[in-house]
Amino acid sequence: MAVVGTCHEGSMVEAGSRRMVCCFIICLWAWCLWVDGSYFGGKGSTLCTAVLPCSSASLCLSGPADCEEQNPLGGWVGGGFSSVGAPLMCVPFHAEHFAEKEEILLDVTSRLWFTYRKNFPAIGGTGPTSDTGWGCMLRCGQMIFAQALVCRHLGRDWRWIKGKRQMDNYFNVLNAFIDKKDSYYSIHQIAQMGVGEGKSIGQWYGPNTVAQVLKKLATFDTWSSLAVHIAMDNTVVMEEIRRLCQSHVPCAGAAACPALESDVLYNGCPEDLGLRGRLPLWKPLVLLIPLRLGLTEINEAYIETLKHCFMMPQSLGVIGGKPNSAHYFIGFVGEELIYLDPHTTQPAVEPGDSGCLPDESFHCQHPPCRMSIAELDPSIAVGFFCNTEADFNDWCQQIKKLSLVRGALPMFELVERQPSHFSNPDVLNLTPDSSDADRLERFFDSEDEDFEILSL
């Protein structure tokens, strides 16, 4: 009996040990799934994302379904965000705190998100009342330009919080993009201004075309008083930009300084009546660079350079896409791009009885998508915003340093003065409907590649 009892006790100890080992293995397995992110979704998972300026010690990161940050040992550290969307952000290398994840989510939802809309006033009086099926690149153009206006009037650190009363300048920015004919950058204005670029209403726009149209429309935005420069021929000429931003001649009667909140409202935005004649030393710069990064697919040699552009504090993102769809790219994680997708049709928004504009549908509270960088159509436009001359000088230094990064082929050239073989810069940048711009349009826009299905 004693022997039997001893054997029974030994068996219990052995069984208990096995259970402990099994529990340890299961816990280790679950932890591994949690760490590499596979527990939260696979490669096709979608994210709600935004980008903050990165320092040299930062990483552009995202997580599949919850906010996740990369730890110093590699892998992912899961967070506690709900399924409304997981953010992307440049975070400090050792950042692993929930407070920082909350800041990431705020940055995500603060981006202005423009999608297809329906039931808006007919474009041109008798044209389409919805841009579903044809307006995705126009919406992407709105998003990248809206980010410039946010940086201009609200600052890069501004945050949108659901239900919180926002400052007047926020609604001034939003009103500039509302779907009505008298908003500066509405779908109506972009589509009708595109006629001057040879585009019928409802026709596909490439990245270069939408950039040219936005440049034209910006001349009427007296409140923002932006200097918009489109760098052609894969070359950014610093002398041209300085001359444009330091110009003391307002375009189209535009005021040279930002308006006061107490000024008269015009076109949904303040019209400056008292500051005319007071001239700034530097007009805030929106720099758009149409690029062709390959013939039919992106050249892998440009990928590292593209990633570095996202990490610059002046970055506005990238507009482009893949066949049959255009996207607004705002960051990356690994070898995947993170983007806001305009391919959702929402009802047009009208101000309420009190004049207040419902704004929740203009902020991404659903998971956007990610795609492999290799799938990116080679025709893109990269955007940057330099609020001051110091910002521009800093951007130039970063671009010069980027040329020294191993394995990063420059996407464009930065030069001090215009090369002798260039066309007249006044033709390309002051009159964007010129024949020279039209000549380059087909090369940069990829319109022969069935990029978008026309649907009227």
Looking at this structure, is N234 touching a helix residue (DSSP H, G or I) at 6+ places or on another chain (Cβ under 9 Å) and either surrounded by fewer than 21 Cβ atoms within 10 Å (Cβ to Cβ) or modelled with pLDDT of 95 or more (or both)? no
Scanning the stretch 110-148 for residues that are charged (D, E, K, R) and part of a loop (DSSP other than H, G, I, E, B) gives R111, D131
It is to be established whether one or more residues within the stretch 96-109 are in a loop (DSSP other than H, G, I, E, B) and either surrounded by fewer than 18 Cβ atoms within 10 Å (Cβ to Cβ) or modelled with pLDDT under 95 (or both). yes
For M371: the one exception among (1) of a type outside the set (S, T, N, Q); (2) part of a strand (DSSP E or B); (3) in contact with a Leu (Cβ under 8 Å, 6 or more places away or on another chain); (4) at pLDDT 95 or above: (4)
Considering only the stretch 323-335, I want to know if a residue exists there that is charged (D, E, K, R), outside any loop (DSSP other than H, G, I, E, B) and farther than 23 Å from E389 by Cβ. no
How many of the residues making up the stretch 395-421 are over 17 Å from I289 (Cβ atoms) and modelled with pLDDT under 85? 5
List every residue pair whose Cβ atoms sit under 7 Å apart, with the two residues 6 or more apart in sequence or on different chains, where the first one lies in the stretch 281-294 and is more than 19 Å from C396 (Cα to Cα) and the second, anywhere, is in a strand (DSSP E or B). R292/S379; L293/I380
Take the stretch 310-322 and flag every residue that is surrounded by fewer than 20 Cβ atoms within 10 Å (Cβ to Cβ) and either within 18 Å of L414 (Cβ to Cβ) or without any contact (Cβ under 8 Å) to a residue 24 or more places away in the chain (or both). M312, P313
Every residue from the stretch 165-201 that is among the aliphatic types (A, V, I, L, M) and either touching a residue at least 40 places away in the same chain (Cβ under 8 Å) or in a helix (DSSP H, G or I) (or both): V173, L174, A176, I178, I187, I190, A191, M193, V195, I201
Counting only residues that are touching a Cys at 6+ places or on another chain (Cβ under 7 Å) and outside any helix (DSSP H, G or I), which one in the stretch 381-396 is farthest from R152 (Cα to Cα)? V382
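Per-residue answers, yes or no, for (1) within 17 Å of M411 (Cα to Cα); (2) of a type outside the set (V, I, T); (3) at pLDDT below 90; (4) in contact with a Ser or Thr (Cβ under 9 Å, 6 or more places away or on another chain):
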{"position": "P250", "(1), (2), (3), (4)": "no, yes, yes, yes"}
{"position": "A256", "(1), (2), (3), (4)": "no, yes, yes, yes"}
{"position": "H308", "(1), (2), (3), (4)": "yes, yes, no, no"}
{"position": "P342", "(1), (2), (3), (4)": "no, yes, no, yes"}
The residue from W204, W223 that alone is outside any helix (DSSP H, G or I) and over 19 Å from I380 (Cβ atoms) is W223
Count of the stretch 125-169 residues which are among the hydrophobic types (A, V, I, L, M, F, W, C), over 24 Å from T219 (Cβ atoms) and surrounded by 15 or more Cβ atoms within 10 Å (Cβ to Cβ): 4
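The values are calculated or read from the model by the stated rules, or taken from the named source; none is laboratory data. These numbers were taken from a predicted model, which means no experiment stands behind them. Using ideal geometry, Cβ is built from the backbone for each residue, glycine included, and neighbour counts are taken over all protein chains shown.
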